[in-house]
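*Asks:* One structure follows; several queries about it will come next.
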């Protein structure tokens, strides 16, 4: 799945991968795709995303989870396409979590991941006074969070 996400992301623009320092396979995939790597600070998904965003070479930026087996460049371009000029775009999962974000500029991200995060990201945008858009895209909705979902994927 990571290789697929990296392929989609690099087709759209410069890409940064956050991974654990000892994740050799992830680092090899990053090297094969010409992707910059940032060490995971080990404090959860929000801290990992913040570390990646600190290394982003150009804005707007996309934040894409690595568990999206069907994501294609067109899906990421669609998320960028709904991004408000100075706002946030959210690609929620059916369970209310967040599978991808588009951010127009630095300073818009807050570590709000977990159950109900899509709604928290919407509320965060409202608090900042920026427009928030949402994209319903099957390839950005379907993630793999459980062993059962992984088994279904490989069948």
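None of the figures in this text is laboratory data; all of them are computed from the coordinates on show. As the structure is a computational prediction, the values presented were derived from the model and not from experiment. Neighbour counts are summed over all protein chains in view; Cβ atoms, including those assigned to glycine, are modelled from backbone coordinates with ideal geometry.
*Asks:* At R0 = 35 Å, how high is the FRET efficiency between residue 115 and residue 59 if r is their beta carbon distance? Nearest 0.05 is fine.
*Replies:* The formula returns an efficiency of 0.75 here.
*Asks:* Given a 10 angstrom Cα cut-off, can you work out which residue in 137, 100, 89 is the most mobile in a GNM of the chain?
*Replies:* Of 137, 100, 89, the Gaussian network model singles out 137 as fluctuating most.
*Asks:* Another question, if that's okay. Calculate the spin-label point distance for residue 28 paired with residue 77, positioning each point 7 Å from the Cα along the beta-carbon direction, and give it in nanometres.
*Replies:* Those two pseudo-labels are separated by 3.2 nm.
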